[in-house]
Amino acid sequence: MDELCPHLEKLVDPGRKPVHPSGHGCKECLAAGDEWVHLRLCMSCGHVGCCDDSPNKHATKHFQKSQHPTIRSYEPGEDWAYCYPDELTVDSLRALPGEAAARHYSAPAAPR
Ligand SMILES: [Zn+2]
Ligand SMILES: [Zn+2]
Ligand SMILES: [Zn+2]
């Protein structure tokens with residue numbers, strides 16, 4: 001078993017409460033009509049943001065603004081979690097009800 005930082009320890013605690021995803025897409029991108037590649041879920045407040053391969057990197061920006069330390073993937077079939085301050089990844093964080101994405105949510109086709 002790899003050593004976990006205190007932030008990720010909290011996520012594997014069986015008594016943890018589920019977070020509620022903010023929506024089926026990156027919150028800021030939806031508001032701006034932008035697109036994303038993959039989605040990440042903030043494990044502190046449920047903010048859904050786009051990954052670092054996306055043009056806007058809103059998940060990382062959310063961490064910088066909020067200091068919420070951990071995210072998990074919000075993509076189907078992926079259950080890794082990541083801690084920003086410790087730059088630490090865990091491979092299989094069991095999702096609690098509502099935390100896993102049922103499918104890949106992509107941005108609504110934007111008119112150009
Ligand atoms: Zn940590
Ligand atoms: Zn975004
Ligand atoms: Zn957050």
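For the range 13-83, chymotrypsin sites (Phe, Trp or Tyr not before Pro) are listed when DSSP marks them as loop and at most 15 other Cβ atoms sit within 10 Å of their Cβ; the list is 80.
Summarised as an ellipsoid, the chain has semi-axes of 24, 14, 12 Å, derived from the eigenvalues of the Cα gyration tensor scaled by 5 and square-rooted, with the largest first. In this rough spin-label picture, where each label sits 7 Å from Cα along the Cβ direction, the residue 103-residue 17 distance is 3.1 nm. Report the normalised scattering of the range 19-69 as log10 I(q)/I(0) at q = 0.20, 0.31 Å⁻¹, calculated by the Debye formula with identical scatterers on the alpha carbons. After summing over all Cα pairs, the log10 values are -0.56, -1.25.
Here the Gaussian network model covers the chain, with springs between Cα atoms less than 10 Å apart; of 32, 95, 81, 32 fluctuates the most. Work out which GluC sites (Glu not before Pro) in the chain are exposed loop sites (DSSP not H, G, I, E or B, at most 11 other Cβ within 10 Å) and give the longest gap free of them. Excluding the exposed sites themselves, the longest stretch runs over 4-86.
Quick one: dipole size for the chain, taken about the Cα centre, charges +1 on Lys/Arg Cβ and -1 on Asp/Glu Cβ, in debye to the nearest 20.
Charge dipole of the chain: 540 debye, to the nearest 20.
Every number here is computed from the coordinates shown, using simple stated rules; none is lab data. Because the structure is a prediction, the values reported are computed rather than measured. Cβ atoms come from the backbone with ideal geometry, glycine included; neighbour counts cover every protein chain shown.
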